[in-house]
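S.K.: This structure is in structure tokens; I'll ask about it shortly.
The values are calculated or read from the model by the stated rules, or taken from the named source; none is laboratory data. This is a predicted model, so every value here is computed, not measured. A quick note on method: Cβ atoms are made from the backbone with ideal geometry, for glycine too, and the neighbour counts reach across all protein chains shown.
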Amino acid sequence: MNPLKIISEAVENIKINESKRSEAVKEILPKKYLKNEGKSPLLEEQLVFPIAEHHLNSRIAAVDSGFVGKNLYSFDLLFIRTASVLFSYKNSTLEKAEYYPEMFSFPKPIFINGALQLDESSVSKSLYRLFEEISLAKEIIEKHKPEYCLLDGSIIPQHADKPRKDSKVTSSYSKVISLFESLYKAAEDNGTILIGCIEDSRGSRFREIIQQNFVSEQNKSKFDDCYDSVLLDHLLKEKERTAAFPYTVDIEQHPILSDFNEKYSKAVNVCYLKPSKYDRALRIEFLSNEKSQKLTEFIDKISSVIYQVSSLHREYAFPSPLIEADLRAGLNPDEIEFIFNKIADKLGTNFRLMRRDSRPF
């Protein structure tokens, strides 16, 4: 088939889908500020809220990690670097930036033994990374008590982080769940609001709520296979946010939240906000058991903070403390090779690569 024809068909298909969604959203737009009648799973009284901008006088911690894994003949080698920044703001101006454990740190090598299957090896690496990252977040909260602590990603583990029931790494997963719960308690005890910021969300929960509760039967199919972020490109204006909604419709059936203490599993909520006209909506996750008006006041507060630290670039709307933490956590291939080669030198003939990595030609 002619490549130009394939490209043309792809472009045409995208344009048709966008046109359908744009047309379908017209039915929702008049309803977005109307009072929610309580029939939908939304936790607030209307579909969309403006973001109120207040002076930012807070300390905001942000935590991220970078990791690289290498599969070897008899074990796996994992390099992890965790990084945290603590930004202090006064009258919405950054006054001080602190770095933990330090501005520059060497990646930590971790040896994974146990003859793991391929799927177990992948899960094990992810769990080690989560353990290091969440441990640092908990440490920062307990030592420095920031008003906010931002995580790069969800505030719960993801499906890919959960091993199968007969896996050798099930105990590691249980430890990570316990660590997340201890992080939530540390945040609660120290007056810190924990917020997960998802850079590229592929969630569809908000779209499902809209589809089931806010559009007519003839328009429902127009939202099929549409991510939340795509829908919200049409629905949200800059400096607006959605109503909050629960992370899942059924906690008992959710593969991750069902493993948490009910106190926390019922408190995980989500909303989207649009910090910039030229970028997609940003998904944030947080813990709250508040209802109605108190919940709205709480989300107004945190959305104002996230808006202010995410709207510095009109085409990339993401919290600046997390951008800085990501830059500090990123791994340099040269330093990884340095450590890797030093380990190989010390082990000598006991250090054996995978066959695919040691081809002589």
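S.K.: Under 25 Å from Y247 (Cβ atoms) and of a type outside the set (F, W, Y): which single residue out of L86, L94, L151, L77 fits that description?
M.R.: Selected residue: L151, the only one of L86, L94, L151, L77 that is under 25 Å from Y247 (Cβ atoms) and of a type outside the set (F, W, Y).
S.K.: A follow-up question, please. What about P101, is it surrounded by fewer than 16 Cβ atoms within 10 Å (Cβ to Cβ) and closer than 18 Å to K145 by Cβ?
M.R.: yes
S.K.: Inside segment 97-149, can you point out the residues that are hydroxyl-bearing (S, T, Y) and either modelled with pLDDT of 90 or more or farther than 20 Å from P321 by Cα (or both)?
M.R.: Y99, Y100, S121, S122, S124, S126, Y128, S135, Y148
S.K.: Now, a different point. Pull up segment 219-235, narrow it to residues that are in a helix (DSSP H, G or I) and of a type in the set (D, E), then point me to the one that is nearest to E23 (Cα to Cα).
M.R.: My answer is D233.
S.K.: Follow-up. Only one of (1) within 22 Å of L257 (Cβ to Cβ); (2) touching a Lys or Arg at 6+ places or on another chain (Cβ under 9 Å) is not met by H144, so which one is it?
M.R.: Failed condition: (1).
S.K.: Quick one: which residue in N57, N13, N17 is over 24 Å from E133 (Cα atoms) and either under 25 Å from the mean Cα position of the chain (by Cα) or among the hydroxyl-bearing types (S, T, Y) (or both)?
M.R.: N57
S.K.: I've got another one for you. Are there any strands (runs of 3 or more DSSP E) wholly within segment 42-94 with 3 or more residues that are surrounded by 20 or more Cβ atoms within 10 Å (Cβ to Cβ), and if so which? Before the answer, list the steps.
M.R.: On the way: elements: 48-50, 59-71, 76-90.
The qualifying strands (runs of 3 or more DSSP E) are 59-71, 76-90.
S.K.: Any chance you could count how many residues in segment 1-39 are part of a helix (DSSP H, G or I) and farther than 14 Å from L235 by Cβ?
M.R.: Counting residues in segment 1-39 that are part of a helix (DSSP H, G or I) and farther than 14 Å from L235 by Cβ gives 17.
S.K.: I've got another one for you. From the set of residues in segment 238-268 that are among the basic types (K, R) and in contact (Cβ under 8 Å) with a residue 40 or more places away in the chain, which is surrounded by the fewest Cβ atoms within 10 Å (Cβ to Cβ)?
M.R.: K239
S.K.: Do you know which residues across segment 264-283 are at pLDDT 95 or above and either acidic (D, E) or in a helix (DSSP H, G or I) (or both)?
M.R.: Correct list: Y264, S265.
S.K.: May I ask you to list pairs of residues, at least six apart or on different chains, whose Cβ atoms are under 8 Å apart, with the first in segment 86-105 being at negative phi and the second being loosely packed, with under 14 Cβ neighbours inside 10 Å and of a type in the set (S, T, N, Q)?
M.R.: Here the result reads Y89/N57; K90/N57, each pair linking segment 86-105 to a residue that is loosely packed, with under 14 Cβ neighbours inside 10 Å and of a type in the set (S, T, N, Q).
S.K.: Let me ask something else. Filter segment 275-301 for residues that are in contact with a Ser or Thr (Cβ under 9 Å, 6 or more places away or on another chain), touching a residue at least 40 places away in the same chain (Cβ under 8 Å) and not hydroxyl-bearing (S, T, Y) and give the result.
M.R.: Scanning segment 275-301 gives P275, R280, A281, L282, R283, I284, E285, L295, I299.
S.K.: Looking only at residues that are over 30 Å from Y316 (Cα atoms) and among the β-branched types (V, I, T) in segment 173-202, which one is surrounded by the fewest Cβ atoms within 10 Å (Cβ to Cβ)?
M.R.: I177
S.K.: What number of residues within segment 1-41 satisfy the criterion of being of a type outside the set (D, E, K, R), farther than 20 Å from Q218 by Cβ and loosely packed, with under 10 Cβ neighbours inside 10 Å?
M.R.: Qualifying residue count for the region: 5.
S.K.: For segment 214-224, state whether one or more residues are among the small types (G, A, S), touching a residue at least 60 places away in the same chain (Cβ under 8 Å), out of contact with any strand residue (DSSP E or B) (no Cβ under 6 Å at 6 or more places or on another chain) and on the phi < 0 side of the Ramachandran plot.
M.R.: Scanning segment 214-224 turns up at least one residue that is among the small types (G, A, S), touching a residue at least 60 places away in the same chain (Cβ under 8 Å), out of contact with any strand residue (DSSP E or B) (no Cβ under 6 Å at 6 or more places or on another chain) and on the phi < 0 side of the Ramachandran plot.
S.K.: On to the next question. Identify, by number, the condition in (1) within 21 Å of E285 (Cα to Cα); (2) at pLDDT below 95; (3) among the hydroxyl-bearing types (S, T, Y) that S167 doesn't meet.
M.R.: Every listed condition holds for S167 apart from (1).
S.K.: Find the residue count for segment 133-160, including only residues that are assigned to a helix (DSSP H, G or I), surrounded by 19 or more Cβ atoms within 10 Å (Cβ to Cβ) and not β-branched (V, I, T). Spell out how you get there, then give the answer.
M.R.: Step one: list which residues in segment 133-160 are assigned to a helix (DSSP H, G or I), which gives 133-144, 159-160.
Subsequent filtering for residues that are surrounded by 19 or more Cβ atoms within 10 Å (Cβ to Cβ) retains 133-134, 136-138, 140-141.
So of that shortlist, the ones also not β-branched (V, I, T) come out as 133, 136-138.
Qualifying residue count, segment 133-160: 4.
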